[in-house]
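Just so it is clear, none of the values below were taken in a lab; they were calculated from the coordinates. Just so we're clear, the structure is a prediction, and the values are computed from it rather than from any experiment. Glycine gets a Cβ as well: all are built from the backbone with ideal geometry, and neighbour counts include every protein chain shown.
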Amino acid sequence: MEFNFFPVNNIFKNDITIVTKELLPEGFPGDGSAKVDCANKINIILDEIGWASAKAQQLIRPITSGAKMKLSDHILYLLTDPGDSNGRGSVVGLLKIGRKKLFMFDLAGYQHEVEPLCILDFYIHESKQRTGCGKKLFEYMLEHQNVRPQQMAIDRPSEKFLSFLYKHYGLEHILPQMNNFVVFNGFFDHGSAVN
Ligand code: ACO
């Protein structure tokens with residue numbers, strides 16, 4: 001995903017960047033107008049990749065946009081490829097997480113109020129899917145959050161994502177719920193769901 005009017009490499013110095021509500025890369029060094037300019041560009045990037053993710057998931061509106069990020073405490077991991085587009089760089093994918101208060105059933109059918117980290121949006125550009133980009137982004141997030149995949153709740157996972165979780169993490173036994181979130185066997189082990 002290229003942005004003709006600005007090189008992606010001018011904004012992102014690493015191939016994975018953490019973005020929060022300020023819409024700035026973590027530790028952004030610039031001041032005043034540099035910050036505003038950078039946040040505007042990231043806003044454009046998030047709007048575009050948010051729509052691409054929505055289309056890939058056949059959703060009628062995006063889960064991720066610049067405006068939505070500004071109003072949330074979500075954490076977004078953005079994957080870029082600095083070598084793409086004749087050295088201008090491209091945006092490859094996003095992974096968005098955040099905590100949600102949920103009522104979830106355990107294996108015995110007991111309901112618990114929990115506030116786990118949730119996977120809210122996950123997308124890799126079509127040209128790069130199935131080449132390990134998703135795994136790279138997901139692993140980065142797990143390490144950054146110091147969390148295991150089975151401790152997380154997933155908002156409406158697609159078939160591709162379920163296949164991804166099975167392939168890379170062996171997750172297959174879903175605990176049935178009354179909401180749109182999917183959790184796997186192990187979610188309630190060691191109180192992980194409430195940490
Ligand atoms: N069909 C079936 N499984 C797939 C597909 C596909 N088209 N693409 C990826 N996978 C799964 C498979 O298990 C695959 O292993 P395989 O090729 O040996 O079968 C594995 O993912 C590949 O791993 P990566 O290359 O690391 O994954 P990728 O970079 O493709 O990222 C992702 C996975 C994010 C699911 C990506 O395929 C994608 O963006 N899909 C479209 C959007 C989507 O479904 N996002 C998840 C929505 S749910 C949510 O966001 C909470």
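At a glance:
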{"item": "Greater than 18 Å apart at Cα, pairs in Lys35/Lys70; Lys21/Lys160; Lys68/Lys128; Lys68/Lys96; Lys101/Lys160; Lys135/Lys160", "result": "Lys21/Lys160; Lys68/Lys128; Lys101/Lys160"}
{"item": "Contact order normalised by residue count of the chain, Cα under 8 Å, 6+ apart, percent", "result": "18 percent"}
{"item": "The stretch 45-89 - percent relative contact order, Cα under 8 Å, separation 6 or more", "result": "28 percent"}
{"item": "Sequence-distant aspartates and glutamates (8 or more away, or on other chains) whose Cα lies within less than 14 Å of Lys167", "result": "Glu139, Glu159"}
{"item": "Cα long-axis angle, helix 32-56 against the chain (0 to 90 degrees, to the nearest 10)", "result": "50 degrees"}
{"item": "Sequence-distant aspartates and glutamates (8 or more away, or on other chains) whose Cα lies within less than 14 Å of Lys41", "result": "Glu2, Glu22"}
{"item": "Helix 159-169 axis, angle to the chain major axis (alpha carbon atoms, nearest 10°)", "result": "80 degrees"}
{"item": "Separation in nanometres of the label points that stand 7 Å from Cα toward Cβ, at Ala56 and Arg156", "result": "1.6 nm"}
{"item": "Computed over the stretch 122-195, the ratio Rg/Rh where both radii use C-alpha atoms and Rh is Kirkwood", "result": "0.96"}
{"item": "Backbone HN-Hα couplings from phi across the stretch 20-29 [Karplus 6.51/-1.76/1.60, Hz, Gly and Pro as x]", "result": "10, 4, 6, 6, 10, x, 3, x, 4, x"}
{"item": "Alpha-carbon centroid distance for the pair the stretch 1-45 / the stretch 95-140, whole angstrom", "result": "24 Å"}
{"item": "Label point distance in nm, His144-Arg88, each placed 7 Å from Cα along Cα→Cβ", "result": "2.6 nm"}
